1. Rg(Cα) of region B:277-361 divided by 2.2 N^0.38 Å?
2. Taking amide H atoms as placed 1.01 Å from N in the peptide plane, list the residues 5 or more away in sequence, or in a different chain, whose amide H sits under 5 Å from that of B:Glu206.
3. For region A:51-132, just the Cα set please: Rg and Dmax, both in angstrom.
4. Peptide A:32-45: average number of partner chain Cβ atoms within 10 Å per residue?
5. Rounded to whole Å, give me the distance from the Cα center of region B:141-217 to that of region B:308-324.
6. Given a Förster radius of 51 Å and the C-beta distance between B:Asp296 and C:Ser161 as r, what FRET efficiency does 1/(1 + (r/R0)^6) yield to the nearest 0.05?
7. Only Cα pairs within less than 10 Å get springs; with that Gaussian network setup on chain D, which residue of D:Leu14, D:Leu98, D:Leu63 has the largest fluctuation?
8. Viscosity 0.890 mPa s, temperature 25 °C: what is the translational diffusion coefficient of chain B from Stokes-Einstein with a Kirkwood Rh over Cα pairs, rounded to a whole number of µm²/s?
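The values are calculated or read from the model by the stated rules, or taken from the named source; none is laboratory data. Computed from a prediction, not measured in an experiment: that's the story for all the values here. Heads up, the Cβs are rebuilt from the backbone with ideal geometry, glycines too, and the neighbour counts pull from every protein chain shown. For accessibility, only protein heavy atoms count, side chains too; no ligands or nucleic acids. Shrake-Rupley method; radii C 1.70, N 1.55, O 1.52, S 1.80 Å.
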Amino acid sequence: MGHGGNLMKIKKDLGVLLAVYGLLALLPIFFHNNMSLMNILIISLIWAVVAGSWDLIMGFAGIFTFGQIAFLVIGGYSSVIFCKLFGISPWFGFLIGGIVAGGAGILVGLPCLKLKGAYVALVTFAVHMILEPFLKSDIGRAIGTGGAQGILTVPPLKIGSYVYNAMEPTPWFYTLLIISFIAFFIIYKVVHSMWGYSFIALRDSELFAQSVGVNAFKYKLIVFGISAALTGMIGGVYANYVGMLSTRILGLDLFLILMVMLVLGGMGRFPGALLGAFITMFISESLRYFDTYRLIIFGLLVMVLVIKMPQGIIGLIFPLGKAGIIERTILHFREKKAKKAEMIT
Amino acid sequence: MLKKALVRITVIAALLCLSGTGWTADTIKIGLPVAVTGPYAGEGIGTIRGIEMAVNEINAAGGLLGKQIEMIKYDTQDFAPERVMAAADDLVGKKKVHALHCGWAGWGQDVKAYGKYNVPTFVVNTSGSCIEVYKSNPKQYSNWFQMTGSERPFGIETAYLMAKLPHNYSSNKVCIISTDDSWGMEIAGGIVDGAKGAGWEIAMKEVVPYGTREWGPILTKIRSIKPAWIHVEIVSTPDLVTFYNQFMENPTNSLINFGYGLTLADFLPNMEGKGDGLLGETLVIPNPPPTKEAGDWIERFKKTYTDSPAAITLSVYTGVYMWAEAVKSVGKVDDYDAINKYLASNKFKTIEDRVVWFNEDHSIPTEIWPANHIQIQNGKLETIYLSGKDKKNPLPYADKTFEKPVWFK
Amino acid sequence: MLIELIDVLISGITNGSVYALMAIGMALVYGVTKVFNFAYGSFYSMGGYLAFTVFGLKFGYFPVLIIAVPLLFLAGFATEVILIKPLRHRADWEMAAVMVTLGLAMFLDNTFQAIYGPFTKSLPALFTGGMELGPIWIGNQNMAMFVISIVVLTSFMLFLSKTRLGMAVEAVAQDMDGAQIVGIPINVVFGVTFAVSALLAGLGGILLAPKYFVSPFGGWDILVKAWVITALGGMGSIRGSLYAAFILGIIEAMVGYWIGFTWILFAWFAVLLTTLIIRPQGLFGTWG
Amino acid sequence: MLKVNNLETYYGELKILKNVSFSIDEGQLVLLLGPNGHGKSTFLKTICGLVKPRKGSVFFDDLDITKKSVLKIVEMGLTYIPEDRHLFTEMSVRKNMLLGAYSKKARKREKENLEYVFELFPRLKERENQFASTLSGGEARMLAIARGLMSDAKFLAIDEPTLGLSPSLRMSVYDIIRKVSKLGKTVLLVDQSIPDLADMADKIYFMEEGHVTHVGKKEDALKDDKLREIFLGM
């Protein structure tokens, strides 16, 4: 175990990520004519980024936030509004969406620093809840949210002279593949950096983390910022792909399904969120003909999975054994501390 | 270890990809992207029943072009844009349905999603937003058919009707309460527009979120204003019934109009016989039915489903017949452009013996589909007025007349 | 002006009594078991539907209580034993508990919809009529709600502070290890707490069904409101939730009257956030 | 009375107790000494059931209690008094003590015990109706012991009861333990250095890095140079 183990793990995580993306990249060769499947794949890629950045803050950093969809909406709206106001390319819009949402994430993170557990969930959920009346209000209308109606037209995405359109899903798919890969690569880098270890240390024991010199304040804000920024960026992409935005996305449905993605994929298990997103979408679509019973089955599934499969789908592929990631991280820090001590003496 | 994992990933992926393949039977397929779970499931049931009734009748009479019609449902849940897109891709792209009958389908995202294809698509939206999206690219969305016009004229006509009622108003003050979605806001806007011409004074205009159950502060205001007319436009039964119950604790001499809410499927059952004198507007068949055919239709519906038809039920039912007529005339179920063209350029007869047609914005304007002004009398919905040729001049209908509400002192 | 102010205050107090009833079960279950129960609203709906079903048999309200009380108690107890207990040994059990109760909420709400359909159901009023005090009118239903919520909450607080079992429940809430050491059967306390919480939520549903109606997803509104109330009061503090319920009820009435109904939730969260910034543990909460 | 064989306890992957064997007879006072963080508290938590061992067994009154719940173990008469107290801070001193007598057996003798314990701790009698959170450090420690005594246990496992107390307070705490021991209760006392009541001890165990490194009387310990250095500072 120890450093060698960690290195192995890093290689393995990157390997899984590359393998999944490699497989995904092949799919359009077989299915490019299947609009329905391509659409599900594209949406899965979008939700995967949201779930992945949510997992970064909730699964890895252990901060119990419910504000992820709020950041998605903030990113989406600011991306579209900026594009419409200044006539900039949607590509920049995505960046702006990420920056605005990241800023919002840090702002929301500030009051959360002093709070614990379910309180953080509540404060972040509060952002989610008050976003809707705000976007629908006269203030919202004034900044261009379109009020209750929402934004009905979004400037189209172009690359060179090619204009992305709904009839051709393959370019969308590859674009999203690249964007989501970048997002997941960032998440991967963060998880396996000193930041990432600090997050995990903070999650498992704040006292312990502080004893090895992790600044809780700083890292919590950073994780809020990164997670919100990635989500906000993909919010812009989402708005562009579906071609419109309204506050209805703040409803309960998306919130629930994202949670299911996290549980299914495996919380705090990179890249569980990515797998979780695809599997959840496929289960959801294949259960669709059960009408009302679909969500009953879904609910049951969630309960069984949480209890019987605590590591999610990724735990099936890579069982963690008895040593959880928690212990590994503690060991990692123990070793570091020991080395430091050795160097001093 | 990595190899093993790769194998496992592939197996899982392969299993997932083995989801359903298409249908091959020789039937005509229609897609029903309708919400059957979540907050819109109530309207969804009314929609499915209307389509089902029409399809069963056509099938029993030998089918369409000699083929049976098969319905394929898709649960659109909350009408999130990506979900509506998925519905379109699944039903049209994958299942290759020959038409879509949707009922209430959204606020504009539906135009884009279904307009991507060219199979005829019928919606009952009453949505200005959809018309706006349609107008942005009429060629692309030529398969889009909206069974009603925009919301605003309802509000305008309501303001004129209320002024016309044979009732001694104590003042000309009106209080408007609506939800913060585009339906509520547009109707409220229409009333404000109509109020100017009809001589009303807007004494209060409140916007409330869905799920409001405690009306104390608003009722306090109403009691100090003592308006002649209170209009509440909320498409949600519990919100309306709680308003009524709390209003009745200490009522003022005001008429109350619940707009579309009066015909929600669960509204009357939850009023439990109360509410005589409440007014409303909708598109259901007037009572008594104007034709024998319409009367029979209602009887058939009640027999099959033991419920009264909702406003949306007749619209979707009519939509199926309009589409069937177009298919018959074209002679082919998959010549979509010809069918769409036929639908856009012809007039159709309804069971109410009315002639309807799609405007240049592919909607049937409210002028053609006249609004039906109803009042609860003896626990039942009775039509008292029907809109005439002119929005400003609704005409008395049949022998029922306006009655003074029970709460008047 | 004065009369209107009194009117607004009366509706604020009416709101408050309803909210107090909604929130008490959540304060209890969070305080004692530290589980944030996402299915709380579903138990509320369950109460409403049970009442609707039993009442439909035309025996009046009394059989409703006889049938609903044990059923709700059992449902809550089973939830703890089947869903929460297996998670307790995990490092991330608090989050796992949220997920599992979320699954339960999805399951229950959609089961209600499958059984009863999406339409709203109603029950006849328990109390009708009212009192006229000059220009002010107070409904009997509102008065009853106020009295019931005060009686339920104070008797509950008495139970916690005066009886041995109540003390044990509070001991578990304050120090789980300490409670184990002195020989309090914490598994029983957890189970009973969950059961009582489900019972209280369900009774709230039964009591409020005639006023607010029953619908498959009606519980989510209750969940969010109960959550804000308990957080403001201090998670786990019953007394805190009582005060918070009335504070928020009155804020709701005032904001509704002077600013607008769409800003009520906004105002609630603003008050909550300000409070939490000054007192991160809520009005009456303590860390632990 | 208590017999522990080859106990191994883990926290996650970390092995805390390594092959620990231990025994104590009825009525004895036994000390368990060792530096901070070397597994003494874990040992106490394991015997009282708060932590489950991965290997080994614990017998109490000749009954295997290795897999028994804390509740069962308390009912059998083994009470653990933790170093970090675990008091019910938002309750009065009196209620804390009453809760100490929660088990069925203790409930029968609640009144007698309450009188007797208040006699032992007159300070707590004075503060009877105050919240536990308002007590000073020394008083809180006394309350933890008092609450433990209320359980009417025949075996008390006390974890560092004098940590952070002033010398005079420390003396009085040891006095009380002495009294309790003289009453015939079996006491297992954990401490970092050799306490003043070491003379009374029937046996002293030393624990380092999860191992028991030495067993014997005080005199034996004093003979060992290393132990003398570590625990007595001599």
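1. In units of the globular-protein estimate, region B:277-361 measures up at 1.27.
2. B:Ile176, B:Ile177, B:Ser178
3. 13.7, 43
4. 4
5. What the calculation gives is 25 Å, centre to centre.
6. Given R0 = 51 Å and the Cβ-Cβ separation, E is 0.15.
7. Evaluated over chain D, the most mobile residue of the options is D:Leu14.
8. Estimated diffusion coefficient is 109 µm²/s.
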